[in-house]
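The values are calculated or read from the model by the stated rules, or taken from the named source; none is laboratory data. None of these values were measured; they are calculated from a predicted model. Positions of Cβ are backbone-derived with ideal geometry, glycine not excepted, and every protein chain shown enters the neighbour counts.
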């Protein structure tokens, strides 16, 4: 049996969603790729949508959906200007995506997430900790923001001290915060993330 395994942080978010009194509509910001994580929520009977800024990643996600015979409703979009009306979603999340922007743009994206969330809605985000192994690699454009090369592609990674991201959530209620650090022995790589689940207060 080929059973797909999703990141543990998304199962935690799913648990919070099930305990929430909201509806069933959820948006993934950064939904593309060969294994779109929004499929976890589709499998749990949520009404799913996704936005993705890179066309190639949308194509990969659509190929996955076609193979599975499902519709994940993924379209082109930028989380700094989310193409949905205000208070449209009960849940919004971004997994391994939002930290590829500057700290200023992350703030803009979180304001957009607040706008499209219904009152009482939940959001999950993960951000890179300064304890991650790739912190300090590449050219530091601004404090904590590094331009790094992965093959021929320039990628931005933005890192945060432990409580630094709290400032983004002044308009939210923080329900859950965890520093999640994992040693990937095969690569001798320490992955360190700051997980947040927040609620838009009614």
Task: Residue match in segment 157-169 (condition: surrounded by fewer than 20 Cβ atoms within 10 Å (Cβ to Cβ) and within 21 Å of residue 37 (Cα to Cα)) - done: yes
- [ ] For residues that are farther than 20 Å from residue 120 by Cβ and touching a residue at least 60 places away in the same chain (Cβ under 8 Å), scanning just segment 9-32, find the one that is surrounded by the fewest Cβ atoms within 10 Å (Cβ to Cβ).
- [x] 10
Open item on the list: Just the residues that are surrounded by 12 or more Cβ atoms within 10 Å (Cβ to Cβ) and either at pLDDT 95 or above or out of contact with any strand residue (DSSP E or B) (no Cβ under 6 Å at 6 or more places or on another chain) (or both), please, taken from segment 180-192.
Closed with: 189, 192
Task: Subset of segment 103-117 (residues that are touching a strand residue (DSSP E or B) at 6+ places or on another chain (Cβ under 8 Å) and either within 16 Å of residue 29 (Cα to Cα) or not in a helix (DSSP H, G or I) (or both)) - done: 106, 109, 110, 112, 113, 114, 116, 117
TODO: Test residue 114 against the criterion of being touching a helix residue (DSSP H, G or I) at 6+ places or on another chain (Cβ under 7 Å) and closer than 28 Å to residue 17 by Cα, and give yes or no.
DONE: no
Open item on the list: Yes or no: segment 122-144 includes at least one residue that is out of contact with any strand residue (DSSP E or B) (no Cβ under 8 Å at 6 or more places or on another chain) and over 27 Å from residue 199 (Cα atoms).
Closed with: yes
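Select the strands (runs of 3 or more DSSP E) contained entirely in segment 46-102, then report the ones holding at least 3 residues which are touching a residue at least 60 places away in the same chain (Cβ under 8 Å) and either closer than 24 Å to residue 196 by Cβ or under 15 Å from the mean Cα position of the chain (by Cα) (or both). Don't jump to the end; show me each part of the working.
Working: elements: 47-52, 74-76, 89-94.
In segment 46-102, 89-94 are the strands (runs of 3 or more DSSP E) which contain 3 or more residues that are touching a residue at least 60 places away in the same chain (Cβ under 8 Å) and either closer than 24 Å to residue 196 by Cβ or under 15 Å from the mean Cα position of the chain (by Cα) (or both).
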- [ ] Go through segment 33-45 and count every residue that is surrounded by 13 or more Cβ atoms within 10 Å (Cβ to Cβ), part of a loop (DSSP other than H, G, I, E, B) and more than 16 Å from the chain's Cα centre (by Cα).
- [x] 1
